[in-house]
1. Could you list which residues have their amide H under 5 Å from that of residue 157, counting only those 5 or more apart in sequence or on another chain, with H placed in the peptide plane?
2. Along region 118-125, what does the Karplus equation 6.51 cos²θ - 1.76 cosθ + 1.60 (θ = phi - 60°) give for ³J(HN,Hα), rounded to whole Hz, x for Gly and Pro?
3. List the residues, sorted by chain then number, that are 5 or more residues from residue 236 or on another chain and whose placed amide H is less than 5 Å from its amide H.
4. Counting other Cβ atoms within 10 Å, keep those with at most 15, restrict to DSSP loop, and tell me which GluC sites (Glu not before Pro) in region 125-218 are left.
5. Rounded if a/c is under 1.5, else prolate if a/b beats b/c, else oblate: with a ≥ b ≥ c from the C-alpha gyration tensor eigenvalues square-rooted, which is region 178-226?
6. For residue 208 and residue 88, what does the FRET efficiency come to when R0 = 60 Å and r is the distance between their Cβ atoms, rounded to the nearest 0.05?
7. How much length is gained if the chain between residue 414 and residue 352 is pulled fully straight, taking 0.36 nm per residue apart and subtracting their Cα-Cα distance, in nm to one decimal?
8. Among 168, 412, what's the order by accessible area (1.4 angstrom probe), most exposed first?
Amino acid sequence: MTQLYEQYNANSYLSGGNAPYIEELYESYLNNPGSVPDKWRAYFDAMQHVPAVDGTNKPDVAHAPVIASFAERAKQGPIRTVVASADSELGRKRVAVTQLIEAYRDLGVRFANLDPLQRQERPNIPELDPAFYGMTDADMDTVFNINNTYFGTETSTLRDLINSLRDTYCRSIGAEFNYISDPTEIRWMLQRLEPTRALPQFTAEKKKHILERLTAAEGLERYLHTKYVGQKRFSLEGGESFIASLDETINRAGEKGVQEIVIGMAHRGRLNVLVNTLGKTPQELFSEFEGRHAEDLPAGDVKYHQGFSSDVSTVGGPVHLSLAFNPSHLEIVNPVVEGSVKARMDRRGDQEGKEVLPILVHGDAAFAGQGVVMETLNLAQTRGYGTGGTVHIVINNQIGFTTSDPRDTRSTLYC
């Protein structure tokens, strides 16, 4: 029929109102060439050798039977594509597995065991249960494709996948990062959490070093508690792992080429940092507890206000540490530290902040309760004040100083 329509423009008697008659003749010719007059048969014979639009020269076929067939099929109702029910169910479960993975990445931190005192019950989160997605025990040994994860395997049974997700996101380390808008940064986090199941592989020597740092931190706190009973003491008890964390941060920074680190922190744990991180001698510290500090310093909790500086050795070479002086308005030191870092960057010509690192240490109650924290955070990406990034460490040793019940501390889940 394509060939026939193409001839309408070349022959006047094939156009206009004659078209239906010509089509009827052509259909008859296709069914039985002898049923049409000789003149028309000769004309239609010639048309069979005219190339079609697609360049082919295939003989045409009658259209009426095809049209009739469609009409008959239409009477039976709409045509549907039917997929085997087993394949359809498997496809649904594959989608469910993807949703389960994302649920653990989003909500696993809510179920992580982050409260060693068990003061609050771990919440029930239905989205972390395979049953929420219509999966049953019968699906636990079904193998699914999990190439959207970084667990080191393309496929896994549902049982093994759930164990990997729980190990990574629901043990004593929680990770909350899916709020980040840059997919590259999210991928960076996934590539470090999932391959190790959030469990770093420390050597025996490294484990001994961490134990030594923890022992030093706890030993100092116990001594001060025993020796200076009744004296004002902002203990680190409950947060001793902070000393090991700070030690690791400083060593990693030195390894990456950082030359200076400026630390800002409040009172709790400050004495431990002075002795076990910056190297202040215990003798100096004990003199301050016993009131034998310099005469030009006022009385009171001045030992918690003083700064200190020293050089420490790291894998990448010596790093200069500075602990900023800090008044009793705990978080007011934040912009002071950032300003100090910015000045040091300018002095070094360090435009990107690769040589000077600010570390701000917060108590969870002060972090939520003092507005200068948020004011400082909002300067982070500005041209005049940005320092290339700050490491924030929030210590929650279950003491908010003025609050003892989490319900009185803040309105948010995390500080």
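The values are calculated or read from the model by the stated rules, or taken from the named source; none is laboratory data. Please read these numbers as outputs of a predicted model, since none were measured by experiment. When we count neighbours, we look across all protein chains shown, and the Cβ atoms used for this are built from the backbone with ideal geometry, even at glycine. Side chains included, ligands, DNA and RNA excluded: accessible areas come from the protein's heavy atoms. Shrake-Rupley method; radii C 1.70, N 1.55, O 1.52, S 1.80 Å.
1. Long-range HN contacts for residue 157: 144.
2. Values per residue, Gly and Pro as x: 6, 6, 10, 6, 5, x, 8, 10 Hz.
3. Counting only residues 5 or more places away or on other chains, the set is 269.
4. Answer by residue number: 154.
5. oblate
6. Working: r = 56 Å, r/R0 = 0.94.
With R0 = 60 Å, the Cβ-Cβ based efficiency is 0.60.
7. Difference between extended and current length: 19.3 nm.
8. Values: 168 0, 412 85 Å².
Per-residue accessible area, sorted high to low, gives 412, 168.
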